[in-house]
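What follows draws every value from the coordinates through simple rules; no lab data is involved. Nothing here was measured: the structure is a model prediction, and the numbers come from that model. No Cβ is skipped: glycine too gets one built from the backbone with ideal geometry, and neighbour counts run over all protein chains shown.
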Amino acid sequence: MQKAYKLHGVNRHYDWGGFDFIPTLMNIENTAKIPFAEYWMGAHASAPAMIDTNKGQQQLDVLIQSNLNTFLGTTIANNFGALPYLFKILDVAKMLSIQVHPSKENAIIGYELEEKAGISIDANNRNYKDKNHKPEVMVALSDFWLLHGFLAPELLEARLNEFNYFYPLIEQFNGSDYKRLYSYFMHLSKDNADAILKPLLTDAVESVKLGKVDKSHPHWWANKYYNGVVPNENIDKGIFSIYILNIVKVKTYQGVFQGAGLLHAYLEGQNIELMANSDNVLRGGLTPKHIDIDELIKHVQFVPTYPNVLNGEVLNSNETIYPCPVADFGLSKIGLNGGDRYTINTHSLVMLLVMEGEVFIDGNIYKAGEVAMVGALEQIVIEAHSNSILFKSFVP
């Protein structure tokens with residue numbers, strides 16, 4: 001009886017994506033130079049993966065619903081009724097939007113309000129695509145840079161004092177009032193915001209040009225967003241967030257967890273991302289997509305964040321887990337030497353993403369970029385044909 005199924009994910013071609021990383025991993029030619037931003041491995045209705053079965057290819061969401069208990073396990077099927085996570089690979093070439101994700105309770109409220117208002121699920125001004133929360137964990141596949149929560153109060157106050165164009169904002173912050181500061185700035189008129197941001201960007205462009213700053217400084221990213229050119233007007237207010245949020249560098253195979261209410265943005269690099277099965281994003285700038293400042297402010301946690309970079313907890317000589325304080329998903333990394341055999345006993349639906357090397361699972365060879373899906377309560381042996389690295393997604 002078949003235990004492991006080959007999974008074919010869905011490429012998402014957002015304009016912030018890179019041109020080479022995902023195509024190279026998937027052995028795809030990209031002669032048209034289309035941006036490959038994300039590779040989705042999941043059962044979300046907007047982009048379900050396809051599964052090779054003995055009866056031909058089937059959509060993952062349909063396959064799971066055909067036998068929930070077999071694929072998810074009885075407890076998980078009863079608790080969630082569907083696959084509770086969405087697994088992704090990202091290649092961030094251009095900065096993503098400043099964003100926050102709602103809690104599950106608030107997602108339900110927001111979704112139902114937009115449904116009652118008659119806003120189409122595909123409308124550009126739709127905030128809530130589903131009724132789920134979207135906590136997420138990422139593990140870097142390269143040096144990865146992100147914005148991650150508000151600076152500590154003493155650091156933010158020092159930042160506001162660092163540039164004279166921020167001086168009018170010091171009174172708003174008053175040492176610790178994150179909400180007042182952020183709300184005040186984001187509701188400024190375009191002219192008043194430009195009066196702050198234009199000299200800021202001028203300084204940023206000059207600092208980068210003269211080699212005075214590196215990627216640890218917000219000037220670097222403000223300059224990158226506008227490609228070294230200072231707009232005359234209508235400067236994106238999201239630039240301000242670069243200066244008041246933590247800039248975090250995550251090294252290869254380190255991780256970061258981000259929960260509801262945490263203001264953040266990905267800046268550059270490649271990563272693995274695992275999240276609750278949701279596409280709810282509230283945006284606050286640095287994007288051509290829909291921005292709803294008032295809705296975003298309702299959900300932001302206006303408190304300082306002290307970044308916790310995850311090195312992972314060693315389970316055994318082959319497997320390292322990245323702790324996630326949610327019931328929806330778990331993530332681990334498996335490292336094998338050529339000739340190793342490693343046994344997995346599944347509690348839930350598991351995905352095994354091969355990032356490096358070549359392995360043999362349940363009668364099939366899986367190369368880098370390929371994914372094996374395994375249902376609940378199965379025992380699977382991974383045989384490594386070469387030194388290999390896999391990422392395992394599961395439900396705790």
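Things to note:
- Panel order for Ser97, Ser216, Ser46, by other beta carbons found within 10 Å of each beta carbon, from fewest to most: Ser216, Ser46, Ser97.
- Potential lengthening between Phe360 and His385 on full extension [0.36 nm per residue; Cα-Cα distance subtracted]: 8.3 nm
- Built amide H within the under 5 Å cut-off of Gly238, gap 5+: Leu286
- Computing FRET efficiency as 1/(1 + (r/R0)^6) for Ala158 and Ala82, where r is the C-beta to C-beta distance and R0 is 45 Å, gives about 0.45.
- For Leu274, Leu188, order by how many other beta-carbon atoms lie within 10 Å, fewest first: Leu188, Leu274
- Calculated [222 nm] ellipticity per residue, helices only, for the chain: -7500 deg cm²/dmol; basis is -39500 (n - 2.57) per DSSP H run with n ≥ 4, divided by all residues, nearest 500.
- Above-threshold pairs, the threshold being 18 Å between Cα atoms, out of Lys198/Lys224; Lys190/Lys298; Lys190/Lys237; Lys104/Lys131; Lys88/Lys134; Lys249/Lys333: Lys190/Lys298; Lys249/Lys333
- The simple spin-label model puts a point 7 Å past each Cα toward its Cβ; for Thr70 and Ala117 those points are separated by 4.3 nm.
- Helix 104-116 axis versus longest C-alpha principal axis of the chain: approximately 80°, rounded to the nearest ten.
- For Lys116, the aspartates and glutamates whose Cα comes closer than 15 Å to its Cα, not counting residues fewer than 8 places off in the same chain, are Asp130.
- Phi-based couplings in Hz for the stretch 239-255 (Karplus 6.51, -1.76, 1.60; Gly and Pro marked x): 4, 4, 4, 4, 8, 10, 9, 5, 9, 10, 9, 10, 7, 3, 6, 8, x
- Residue-span extension gain [Ser142 to Lys251] - 0.36 nm each, minus C-alpha spacing: 38.6 nm
- Ascending count of other beta-carbon atoms within 10 Å, so fewest first, for Val314, Val256: Val314, Val256
- With a simple spin-label model that places each label point 7 Å from the Cα along the Cα-to-Cβ direction, the separation between Tyr226 and Asp214 comes to 2.5 nm.
- The slack between Asn30 and Asp52, meaning 0.36 nm per residue of separation minus the straight C-alpha distance, is 5.5 nm.
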